[in-house]
Amino acid sequence: MIELTEEQQMLRDTVREFTNSEVKTLAKQIDEKEEIPKELIKKIAEVGLLGTAFPEKFGGGGFGEIGYCLAQEEITRGCGSTAAFIGAHISIGTNAIFIGGTEELKNKYLPLLTAGEKIAAFALTESEAGSDAFNLKTTAEFIDGKWIINGEKLWVTNGAYADIFSVFCRTSMGITGFVVEKDFIGVTIGPNEKKMGIRGSATNTITFENVEVPPENIIGQEGRGFLIAMKTLDTGRLGIGACCVGAAKEMLELSVQYANQRKQFDQEINKFQAIQFMIAEMTTLIYAMESMLYRAAENYDNGKDISQEAAMVKLYCSEAVSEVADKALQIHGGMGFSREIPIERFYRDARILRIFEGTSEIQKIIISRKSIKNNGKWKI
């Protein structure tokens, strides 16, 4: 873990306090009702958690990627669904505009998004373009001075909550990104998907039928959208890593607390070597996860290319948190399988982390390509 500045420590403490007082108390309800209360979203915006990573000139907190990861880590200790909502808004929905947009586009939308007056989502995936993200079928044609978008996007996180979508389409010059508002005529938001985990996070199909988009809403240049989308996913993967770290830390604490008070054979189960070994393994995984995450976040804030690092963070942390979840449930025994305590929810929520924003298999492809290109030479 890097040494935090005083401001970063204050941010972490503030979000931890907010999570303990506002998020944890609602986590079970969010999971069971499959929605995040509007009042909680309002409070999240009021404390500045929807603009953490962005510069102050756009209304953001100015904390960069490290600050964003610290905040996401703390939020996930309370509720994975809420963290997914914030992550889709900041890391990918808004960040696509920040990374690729013109100053005019950023000035138009970022202050609204960082303040939480508008919610963002990222629309890339399609029925035939999941891991194969380049194989987009959604089209955008420039007709009579406007872009006309037709197609369908799947698995859009925040679909039902979002006011603004960063949408990637195929044009005559390649993949191109656009900012599309939900109120544009021809935008249809489908019902929420019924999911195994992160149930409060709205996941939807979005259909675009002859949607007219003004030319100034293009993100960057025509044909440069795929590069913008991939750079956006780099930060998204660090955000996923932060969620993994936060969930793992919370499960470790809950497991140790349980092991300290649960008795079998006339002694606390923390006296048994089997339990001690599981706790040791969980602790070691968290150390490695945290170290990788914040090193990569620091490199990103320093302007370095982190495409391979981000993939490694996403791969390792998402696999590790599933292992932590399994051990946490095992330590809790039958109680871990019950919805009376949070472990069961953490276990379900952890599974998606190996899938969205690039499966583990896709991360391995990204990592290996870079290593092969560098002839296997490793640079610190």
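The values are calculated or read from the model by the stated rules, or taken from the named source; none is laboratory data. All values derive from a computational prediction rather than experimental measurement. Don't worry about glycine lacking a Cβ; one is built from the backbone with ideal geometry, like all the others, and counts go over all protein chains shown.
The single condition from (1) without any contact (Cβ under 8 Å) to a residue 60 or more places away in the chain; (2) surrounded by fewer than 23 Cβ atoms within 10 Å (Cβ to Cβ); (3) more than 25 Å from residue 344 (Cβ to Cβ) that residue 253 fails is (3). Cβ-Cβ under 6 Å, sequence separation 6+ or interchain: first residue in region 320-331 and of a type in the set (Ser, Thr, Tyr), partner assigned to a helix (DSSP H, G or I). Which pairs? Correct list of pairs: 322/350. When only residues in region 127-163 that are of a type in the set (Gly, Ala, Ser) and touching a strand residue (DSSP E or B) at 6+ places or on another chain (Cβ under 7 Å) count, which is surrounded by the fewest Cβ atoms within 10 Å (Cβ to Cβ)? Across region 127-163, the extreme among qualifying residues is 127.
Can you find, within region 348-380, the residue that is surrounded by the fewest Cβ atoms within 10 Å (Cβ to Cβ) among those that are among the β-branched types (Val, Ile, Thr) and assigned to a loop (DSSP other than H, G, I, E, B)? Walk me through how you get there before you give the answer.
Start the filter on region 348-380 by keeping residues that are among the β-branched types (Val, Ile, Thr), which leaves 352, 355, 359, 362, 365-367, 372, 380.
Imposing the further condition that a residue be assigned to a loop (DSSP other than H, G, I, E, B) reduces the set to 355, 359, 380.
Numbers: 355: 15, 359: 16, 380: 3.
It comes out as 380.
Table: residues versus (1) among the acidic types (Asp, Glu); (2) in a strand (DSSP E or B); (3) within 13 Å of residue 51 (Cα to Cα); (4) not assigned by TED's automatic domain parsing to the domain that holds residue 214.
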residue: 78; (1), (2), (3), (4): no, no, no, yes
residue: 82; (1), (2), (3), (4): no, no, no, yes
residue: 88; (1), (2), (3), (4): no, no, yes, yes
residue: 95; (1), (2), (3), (4): no, no, yes, yes
residue: 105; (1), (2), (3), (4): no, no, no, yes
residue: 108; (1), (2), (3), (4): no, no, no, yes
residue: 132; (1), (2), (3), (4): yes, no, no, no
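Hey, does region 203-211 have a residue that's within 22 Å of residue 24 (Cα to Cα) and either modelled with pLDDT of 95 or more or among the hydrophobic types (A, V, I, L, M, F, W, C) (or both)? Checked against the condition, which is being within 22 Å of residue 24 (Cα to Cα) and either modelled with pLDDT of 95 or more or among the hydrophobic types (A, V, I, L, M, F, W, C) (or both), region 203-211 yields at least one hit.
Residue-wise test of (1) farther than 30 Å from residue 197 by Cβ; (2) within 19 Å of the chain's Cα centre (by Cα); (3) not small (Gly, Ala, Ser).
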position: 97; (1), (2), (3): no, yes, yes
position: 119; (1), (2), (3): no, yes, yes
position: 135; (1), (2), (3): no, no, yes
position: 156; (1), (2), (3): no, yes, yes
position: 173; (1), (2), (3): yes, no, yes
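A quick yes/no check of all residues on (1) closer than 25 Å to residue 82 by Cβ; (2) touching a strand residue (DSSP E or B) at 6+ places or on another chain (Cβ under 9 Å); (3) not assigned by TED's automatic domain parsing to the domain that holds residue 75:
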{"position": "165", "(1), (2), (3)": "yes, yes, yes"}
{"position": "170", "(1), (2), (3)": "no, yes, yes"}
{"position": "173", "(1), (2), (3)": "no, no, yes"}
{"position": "181", "(1), (2), (3)": "yes, yes, yes"}
{"position": "186", "(1), (2), (3)": "no, yes, yes"}
{"position": "190", "(1), (2), (3)": "yes, yes, yes"}
{"position": "193", "(1), (2), (3)": "yes, yes, yes"}
{"position": "196", "(1), (2), (3)": "yes, no, yes"}
{"position": "202", "(1), (2), (3)": "yes, yes, yes"}
